[in-house]
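Quick notes on the structure that follows.
The values are calculated or read from the model by the stated rules, or taken from the named source; none is laboratory data. Because the structure is predicted, anything quoted here is derived from the model rather than measured. Note that each Cβ is placed from the backbone with ideal geometry, even for glycine, and that neighbours are counted across all protein chains shown. For the accessible areas, the whole protein counts, side chains as well, though only heavy atoms, and no ligand, DNA or RNA atoms are used. Shrake-Rupley method; radii C 1.70, N 1.55, O 1.52, S 1.80 Å.
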Amino acid sequence: MSDAVQFLSDADIYRRVILDAIPNASRFVWIATADLKDLYVPKGTRMVPFLEALSDLIDRGVQLRLLHAKEPGPAFRADFDRYPNLIQGLERILCPRVHFKSVVVDGAFAYSGSANLTGAGLGAKSAGRRNFEAGWVTAAPDRIREIMEQFDRVWMGSYCNACQRKQYCADFREMDS
């Protein structure tokens, strides 16, 4: 299989990752981001919070993991409370050192780039309000494995013992040496 990657920028990130890849997940979705704010996606003829799309995935049995660096914005938190299945179905770890942005879907698709999980970051806002972002997507197993390994190291707490920002980390886990 090819190690090919496809470069994406601006609203193409939103279309390819948020609208195409994530809704088609059948087993799992892993998302890493520094920042979380409200983000909306089309559902039928209306726009709904991205959290509703994640809630729908949970209802279909898709496992969700979210790594993030800080508490979400107020609109995101209010939307979160509207979907009770997210409490148990969306595994979350807050790590103040997470700054990488990545998405892995079913171990078969991956995004890595600069965009946070926000409307402006992912290109969901109008052209005059969105950030200028860039990243790449791939279906290459070796590239996906590398992204998953980075995610998993943080998820499993591999850096926790040596971290010098423990006082800011609500999810600090003491690891056996």
Residue within segment 49-61 that is more than 14 Å from the chain's Cα centre (by Cα) and part of a strand (DSSP E or B) present: yes
Neighbours by Cβ (under 6 Å, 6+ apart or cross-chain): first from segment 19-33, open to solvent by less than 10 Å² (accessible area, probe 1.4 Å); second of a type in the set (S, T, N, Q): 32/102; 33/116
Any pair with Cβ under 9 angstrom, 6 or more apart, that starts in segment 54-72 at a residue that is surrounded by 14 or more Cβ atoms within 10 Å (Cβ to Cβ) and ends at one that is basic (Lys, Arg) and not in a loop (DSSP other than H, G, I, E, B): 56/43; 64/92; 65/92; 66/92; 67/92; 68/92
Residues within segment 91-112 that are under 11 Å from the mean Cα position of the chain (by Cα) and not basic (Lys, Arg), tallied: 8
